[in-house]
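In what follows, a structure is listed as structure tokens, so that the remarks can point back to it.
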Amino acid sequence: MGVEASAVVTMKHRSGEASLLPDQAHELRAELARKIASFIGSEESRATEISGLTLGRRTATTARCSMTYEPSVIVIAQGRKRVELGRNIFICDESRFLLTSLDLPVVSRVIEASEAVPCLALSLKLEMRVVRELLSREEIEVAETGSNSPGIALGETTVEFLNACCRLVDLLRTPQDIPFLSGLIQREIIYRILRSAEGTRLRAIATLGDQSHRTAKAIAWIRANYRKPLRVEHLAEIAGMGVSTLHHHFRGLTAMSPLQYQKQLRLQAARGHMLLDGLDAASAGFEVGYESVSQFNREYSRFFGQPPMRDIRTLHSPGAPALESVSNR
């Protein structure tokens, strides 16, 4: 066979392999959906024996729900989900995973689910120490990201990525293998993410000294101290940045200012106290750091669409649409 003929055969072979990839991905998504359905049964959410891995199932669409996403990857094996970060909207489905690189207040809802075809998903918490470990051991080429790139991104669920997800869920059948193998497979999943364009922000946040990493320190402080009064000058000192620089990078990562970020955390926590702990509006407001009941009621009404106790009565009513979750992720 001549060189030209050989090249043509090779090109055809490679083209055939490429044409199989969409079919492989489709089969793996269906396989992942079957595995999740098998393990979760009729539950809506299940924290598994694998650290950081949670399975989810919804048989109907849900109402918009404010919550906080931790650093994690959410994989939708079946159905669709909508996540809002400020004015940024992310639609997560079978072909696109959702990557969150730091703690972010979002508005989330399931937008495609039914009894016949439930929304099936897995959420895997990302440990930053593992991300840093991989970055220190491997030379991973990641495209540069702009300073306005938010801390949430959508990525393609490739064959390699889905294969690793399926193997991770499979470990639930052999609990004796979890201590040894789960960490290895989670590292592979993180590796796949870091090798993708969507892993750029995750790498930046994990890299010591990077502006994104410094901003993430400020975000972590607010997350841990949202009940306390917030001084932006103090926050800038924690980040080791000027006030204007911190504002710029903070808004780029979270789509909001530090004060708006704190406010959303406070309001979400107050709603949880009223919904789950039975606190009245005034007690919930004081519990999360508000000093004025009228200010709390005003900001709560603006954020959730109605006054606190009316909102809670609506959520408790029999005909109320289901929330995706009532607690922070």
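Within the bounds of segment 228-239, is there any residue that is touching a residue at least 60 places away in the same chain (Cβ under 8 Å) and more than 13 Å from D103 (Cα to Cα)? Within segment 228-239, one or more residues are touching a residue at least 60 places away in the same chain (Cβ under 8 Å) and more than 13 Å from D103 (Cα to Cα).
Residue pairs whose Cβ atoms lie under 8 Å apart, separated by 6 or more positions or on different chains, with the first residue in segment 108-137 and of a type outside the set (D, E, K, R) and the second assigned to a helix (DSSP H, G or I) and open to solvent by 50 Å² or more (accessible area, probe 1.4 Å), are V130/R187; V131/R203; L134/R187; L134/Y191; L135/R203. The single residue among Q264, Q260 that is modelled with pLDDT of 95 or more, in contact with a Pro (Cβ under 7 Å, 6 or more places away or on another chain) and not acidic (D, E) turns out to be Q264.
Filtered by the rule that a residue be in a loop (DSSP other than H, G, I, E, B) and either farther than 15 Å from L126 by Cα or modelled with pLDDT of 95 or more (or both), segment 150-175 gives P150, T157, T158, T174.
Of all residues in segment 112-127, those satisfying the criterion of being hydrophobic (A, V, I, L, M, F, W, C), surrounded by 15 or more Cβ atoms within 10 Å (Cβ to Cβ) and over 14 Å from the mean Cα position of the chain (by Cα) are A113, C119, L120.
Answer with yes or no whether L235 is surrounded by 18 or more Cβ atoms within 10 Å (Cβ to Cβ), at pLDDT below 95, aliphatic (A, V, I, L, M) and farther than 20 Å from R310 by Cβ. Here the answer is no, as L235 does not meet what is asked. The one condition from (1) open to solvent by 50 Å² or more (accessible area, probe 1.4 Å); (2) touching a strand residue (DSSP E or B) at 6+ places or on another chain (Cβ under 9 Å); (3) of a type in the set (A, V, I, L, M) that A224 does not meet is (2). Scanning for something in a helix (DSSP H, G or I) and more than 23 Å from V131 (Cβ to Cβ), does segment 224-232 turn up at least one residue? The answer is yes, given that some residue of segment 224-232 is in a helix (DSSP H, G or I) and more than 23 Å from V131 (Cβ to Cβ). All told, L135 falls short of being modelled with pLDDT of 85 or more, in contact with a strand residue (DSSP E or B) (Cβ under 7 Å, 6 or more places away or on another chain) and either surrounded by 12 or more Cβ atoms within 10 Å (Cβ to Cβ) or among the small types (G, A, S) (or both). If you go through segment 63-77 and keep only what is assigned to a strand (DSSP E or B) and not small (G, A, S), you end up with C65, M67, T68, Y69, V73, I74, V75, I76. The C-beta contact set for segment 47-68 (first residue free of Cβ contacts under 8 Å to residues at least 24 places away in the same chain and open to solvent by 50 Å² or more (accessible area, probe 1.4 Å), second residue of a type in the set (S, T, N, Q) and in a strand (DSSP E or B), distance under 6 angstrom, 6+ apart or interchain) comprises A47/T54. It is to be established whether one or more residues within segment 298-307 are touching a residue at least 24 places away in the same chain (Cβ under 8 Å), more than 27 Å from the chain's Cα centre (by Cα) and closer than 24 Å to T62 by Cβ. Within segment 298-307, one or more residues are touching a residue at least 24 places away in the same chain (Cβ under 8 Å), more than 27 Å from the chain's Cα centre (by Cα) and closer than 24 Å to T62 by Cβ. Considering segment 238-265, the residues that are over 24 Å from the mean Cα position of the chain (by Cα) and outside any helix (DSSP H, G or I) include one that is surrounded by the most Cβ atoms within 10 Å (Cβ to Cβ), namely M241.
The values are calculated or read from the model by the stated rules, or taken from the named source; none is laboratory data. Note that the structure is a prediction, hence the values are computed from the model and not measured. Virtual Cβ from ideal backbone geometry, glycine too; neighbours counted across all protein chains shown. Ligands, DNA and RNA are excluded from the accessible area calculation, which covers all protein heavy atoms including side chains. Shrake-Rupley method; radii C 1.70, N 1.55, O 1.52, S 1.80 Å.
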